[in-house]
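Taking it in order: structure first as structure tokens, then the write-up.
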Amino acid sequence: MDERSQFVVDALSIEESWRIFRIMAEFVEAIETLSKVKHAVSIFGSARTQPDDPYYQKAEILARLLAENGFGVITGGGPGIMEAANKGSAEAGGQSVGMNIRLPLEQKPNPYANISIDYKYFFIRKVMFVKYAMAYVIMPGGFGTMDELFEAITLIQTKRIKCFPVILMGSEYWKGLFDWLKKTMLRDNKISPADMELFQIIDDPAEVVKHIQKYVIL
């Protein structure tokens, strides 16, 4: 290797080392900010959901009810379902946390988060969703929503985190997934019957709050 090539290799190695410090700094900032948040529920759903969509309205109602019952709300901080949940919580006087991820498309911070964090790294954001949540509510969404759903279920299934309520809102939307889990994964012994009990499907926002309250003592 000539001198120039070695210089490039050394520079890349230094850049990788400094990335560790950027990751640490992002963890520290997130922990310091979210340590103020108590009894929070993480709410997930599509960034593409419009304000006239019934699920947008349900997310807003749910977040308002959670705030009125002493719960904070954590979302991904963007538009759609995230905006609706932050809006409902903030307007009810609750802690409304937006954990925005920097993306070239779709994801822009919504104006309703009264506690806001900006992330570069997806995996740090995912850790914080779990660490500071007492429950997960999953509303209709895409790949990112599915990622958060199965991340939580996997961590609970493998006992890496304590079992907390995981609630899917929108029985019509989730029916196909539920049937596939039951008729394919469960039938083929890829999961156990107990794994099907790790989440609940509930449509009514008030019932969601009551379900969470059964497991969470404020």
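The values are calculated or read from the model by the stated rules, or taken from the named source; none is laboratory data. As the structure is a prediction and not an experimental result, all values here were calculated from the model. We place every Cβ from the backbone using ideal geometry, glycine too, and count neighbours over all the protein chains shown.
Worth a mention:
- Of note, residue 153 satisfies the criterion of being assigned to a helix (DSSP H, G or I), surrounded by 15 or more Cβ atoms within 10 Å (Cβ to Cβ) and either among the aromatic types (Phe, Trp, Tyr) or in contact with a strand residue (DSSP E or B) (Cβ under 7 Å, 6 or more places away or on another chain) (or both).
- The residue that is nearest to residue 66 (Cα to Cα), among those in the stretch 165-218 that are among the aromatic types (Phe, Trp, Tyr) and at pLDDT 95 or above, is 199.
- Single unsatisfied condition, residue 47 versus (1) over 13 Å from the mean Cα position of the chain (by Cα); (2) over 22 Å from residue 217 (Cα atoms); (3) surrounded by 21 or more Cβ atoms within 10 Å (Cβ to Cβ); (4) aliphatic (A, V, I, L, M): (1)
- Failed condition for residue 43, given (1) free of Cβ contacts under 8 Å to residues at least 40 places away in the same chain; (2) in contact with a Ser or Thr (Cβ under 7 Å, 6 or more places away or on another chain): (1)
- Exclusive hit being more than 21 Å from residue 60 (Cβ to Cβ) and either of a type outside the set (D, E, K, R) or buried (at least 17 other Cβ atoms within 10 Å of the Cβ) (or both), set 161, 115: 161
- Condition broken by residue 52, with the remaining ones in (1) among the charged types (D, E, K, R); (2) closer than 26 Å to residue 81 by Cβ; (3) free of Cβ contacts under 8 Å to residues at least 12 places away in the same chain; (4) assigned to a helix (DSSP H, G or I) satisfied: (4)
Okay, residues lined up against (1) out of contact with any Ser or Thr (no Cβ under 6 Å at 6 or more places or on another chain); (2) under 18 Å from residue 123 (Cβ atoms):
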| residue | (1), (2) |
| --- | --- |
| 22 | yes, yes |
| 26 | yes, yes |
| 49 | yes, no |
| 55 | no, no |
| 66 | yes, no |
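- If you go through the stretch 22-37 and keep only what is in a helix (DSSP H, G or I) and not charged (D, E, K, R), you end up with 23, 24, 25, 27, 28, 30, 31, 33, 34.
Residue by residue, here is whether (1) touching a helix residue (DSSP H, G or I) at 6+ places or on another chain (Cβ under 7 Å); (2) free of Cβ contacts under 8 Å to residues at least 40 places away in the same chain; (3) farther than 15 Å from residue 39 by Cβ holds:
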| site | (1), (2), (3) |
| --- | --- |
| 71 | no, no, no |
| 74 | yes, no, no |
| 78 | no, yes, yes |
| 82 | no, yes, yes |
| 87 | yes, yes, yes |
| 90 | no, yes, yes |
| 94 | yes, yes, no |
| 100 | no, yes, yes |
| 111 | no, yes, yes |
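- Candidate set from the stretch 160-183 (those that are among the charged types (D, E, K, R) and outside any helix (DSSP H, G or I)); member that is nearest to residue 213 (Cα to Cα): 162
- Residue that is nearest to residue 145 (Cα to Cα) [pool: residues in the stretch 164-218 that are among the hydroxyl-bearing types (Ser, Thr, Tyr) and loosely packed, with under 13 Cβ neighbours inside 10 Å]: 171
- Total residues in the stretch 185-218 satisfying the condition of being more than 21 Å from residue 172 (Cα to Cα) and in a loop (DSSP other than H, G, I, E, B): the figure is 9.
- Note on the stretch 60-149: enclosed strands (runs of 3 or more DSSP E) holding 2 or more residues that are of a type outside the set (A, V, I, L, M, F, W, C) and modelled with pLDDT under 95 are 115-119.
- Inspection of the stretch 71-85 finds no residue satisfying the criterion of being of a type in the set (Asp, Glu), surrounded by fewer than 24 Cβ atoms within 10 Å (Cβ to Cβ) and closer than 24 Å to residue 169 by Cα.
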